[in-house]
Amino acid sequence: MATISWSRSEVPVEPDARSGTLVVRIAAITRETDEILKFVLVDPEGGALPGFAAGAHVDVHVAPGLTRQYSLLNPPGENRQYVIAVKREPQSRGGSAAMHGRMALGDLVRIGSPRNNFGLAPGAAHHLLIAGGIGITPLLGMAAQLAATSRAYTLACFVRAPDLAGFAEELAPIARAGRLQLHAGLNAEATVAAVAGLLARQPEGTHVYACGPRPLMDAVGELARGRGLPVHREDFSALPLTAGPDLAAFEVQLAQSGEILPVPPERTIADVLIEHGVPLDTSCEQGVCGTCLTRVLGGVPEHRDTFLSEEERAADDHILPCVSRARTPLLILDL
C-alpha cells in the first residue's frame, strides 16, 4: 500500500451550518488497489467525531449538488477518525471521479453524520459476511466489532483477482483468526455455487450480510431465503432505467394544491417536481439514502429504490421520487 501526498486542491468548502453535517479534513489518502483509494477523515481541530456502529455510512458532499454515500470501514470504537474507501467507477456519475481526481490531502470536506441501515443483528448465533469487490467496506467494520466482542463470524470476499482485494491491513487479523475466505476469479456460475456451499455450511441461528454488485446480492438473498436464513444487505446503486424512452409516462398530483404534473419517460418524478418549484430534498439521486422519501396518498408506485424494506414497498404508501415511477396512470403525493 502506498500513501499518496497530493498538493492541496482548489475546492473550497463554503461555510454552512446546515443541521446534521460537519466539516472534516482529509488526513491521509492510501491507494489500496489500482481502482480503490482509502481516505482518512478527521476533525480539523483534532476533536472527537460523532460515534457510529458497524455498518454505518456517511454522506460525502463531493461538490455542490453532488452527494455520495460511503461506508465507514474502521472499527466503531475509533472516534477520532472516519475511514472510507472509494472505487473509481468507469461509468462514474461524478462521485468517484471527483473523489479520485479532485480530493487531496488536507482538503476540508463536508459530510453528514453517520447513519446506519445495515447494523448487526444482536441475537445472531453466527454472522456470515459476504462481500463483492468494494462492498467489503462496511463488512470490515462489522468483522472488527464482532472480533472485539468475541462473536462468531466468517468473512467471504469475492473479487476478480487476488490483487484486487486490497485492505491488507484490515484483512490480516481476520485471516490470522481463520475467519477469512477469499474467492478470486470466479465466473457467475461458480460464484453462485460457492455462495450455495457457504450457506449450506452455516450453523443454526446464522444471519447473512451482503454488500456488493446487485447480481451477487440477489443470488445471496435468494439462496439464503431458500435455507431460511435472515439476510441483511447494503446497496448503493439503484435499479437501472429509472428513466428512459422504454418506460411509460404517467402523472403526479400534488395533494396540497391539486396541481397535476406529467412525468415523461425520460424524466424522473424528482426532476419534474424540482423543475416546477416543488420543495424536495434530494441527496444520492439513486434511491439509496431516503432523503427524498415522500408519502403516497393515491395510486400505486413502481419501487425502483433500495432504501425501502420489502414490507414498506408492499404498503405502497411511500416512494423515492428520485428513481421510482408509477404502476398506475396517476400518483397522488403528499406535497
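The values are calculated or read from the model by the stated rules, or taken from the named source; none is laboratory data. Note that the structure is predicted; figures quoted are calculated from it, not measured. So basically every Cβ, Gly included, is an ideal-geometry build from the backbone, and we count neighbours across all protein chains shown. Remember, those area values only see protein heavy atoms, side chains included, never the ligands or the DNA or RNA. Shrake-Rupley method; radii C 1.70, N 1.55, O 1.52, S 1.80 Å.
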When both residues are 6+ apart or on different chains and their Cβ atoms are under 6 Å apart, which pairs have a first residue that lies in region 249-265 and is on the phi < 0 side of the Ramachandran plot and in a loop (DSSP other than H, G, I, E, B), and a second that is open to solvent by 80 Å² or more (accessible area, probe 1.4 Å) and modelled with pLDDT of 95 or more? Ala255/Leu297
Yes/no for Leu108 being open to solvent by less than 30 Å² (accessible area, probe 1.4 Å) and either modelled with pLDDT of 95 or more or within 24 Å of Gly133 (Cα to Cα) (or both): no
So which residues in region 94-104 are open to solvent by 50 Å² or more (accessible area, probe 1.4 Å) and in contact (Cβ under 8 Å) with a residue 12 or more places away in the chain? Arg102
Those residues of region 208-239 which are open to solvent by 40 Å² or more (accessible area, probe 1.4 Å) and farther than 30 Å from Thr268 by Cβ amount to Leu223, Arg225, Gly226, Arg227, Gly228, Pro230
Would you mind stating whether Ala168 is open to solvent by less than 40 Å² (accessible area, probe 1.4 Å) and of a type outside the set (Val, Ile, Thr)? no
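Looking at Arg68, Arg80, Arg88, can you tell me which residue is open to solvent by 20 Å² or more (accessible area, probe 1.4 Å), out of contact with any helix residue (DSSP H, G or I) (no Cβ under 6 Å at 6 or more places or on another chain) and among the charged types (D, E, K, R)? Even if it seems obvious, please write down each step before you answer.
Numbers: Arg68 fails: out of contact with any helix residue (DSSP H, G or I) (no Cβ under 6 Å at 6 or more places or on another chain); Arg88 fails: out of contact with any helix residue (DSSP H, G or I) (no Cβ under 6 Å at 6 or more places or on another chain).
Arg80 is the lone residue from the list that is open to solvent by 20 Å² or more (accessible area, probe 1.4 Å), out of contact with any helix residue (DSSP H, G or I) (no Cβ under 6 Å at 6 or more places or on another chain) and among the charged types (D, E, K, R).
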Qualifying residue in region 68-84 (condition: among the acidic types (Asp, Glu), within 26 Å of Gly290 (Cα to Cα) and in a loop (DSSP other than H, G, I, E, B)): no
Which numbered condition in (1) assigned to a loop (DSSP other than H, G, I, E, B); (2) at negative phi is the only one that Ser150 fails? (2)
For Gly197, the lone unmet condition from (1) open to solvent by less than 40 Å² (accessible area, probe 1.4 Å); (2) outside any helix (DSSP H, G or I); (3) modelled with pLDDT of 95 or more; (4) not hydrophobic (A, V, I, L, M, F, W, C) is (2)
For region 276-330, which positions are open to solvent by less than 30 Å² (accessible area, probe 1.4 Å) and of a type in the set (Val, Ile, Thr)? Val278, Val288, Thr294, Val296, Ile319, Val323
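Quick one: is Thr242 within 29 Å of Ala121 (Cα to Cα), of a type in the set (Ser, Thr, Tyr), at pLDDT below 90 and in a loop (DSSP other than H, G, I, E, B)?
On the way: within 29 Å of Ala121 (Cα to Cα): no; of a type in the set (Ser, Thr, Tyr): yes; at pLDDT below 90: yes; in a loop (DSSP other than H, G, I, E, B): yes.
Spelling it out, it is not the case that Thr242 is within 29 Å of Ala121 (Cα to Cα), of a type in the set (Ser, Thr, Tyr), at pLDDT below 90 and in a loop (DSSP other than H, G, I, E, B).
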Among (1) open to solvent by 10 Å² or more (accessible area, probe 1.4 Å); (2) free of Cβ contacts under 8 Å to residues at least 60 places away in the same chain, the one test that Asn117 misses: (2)
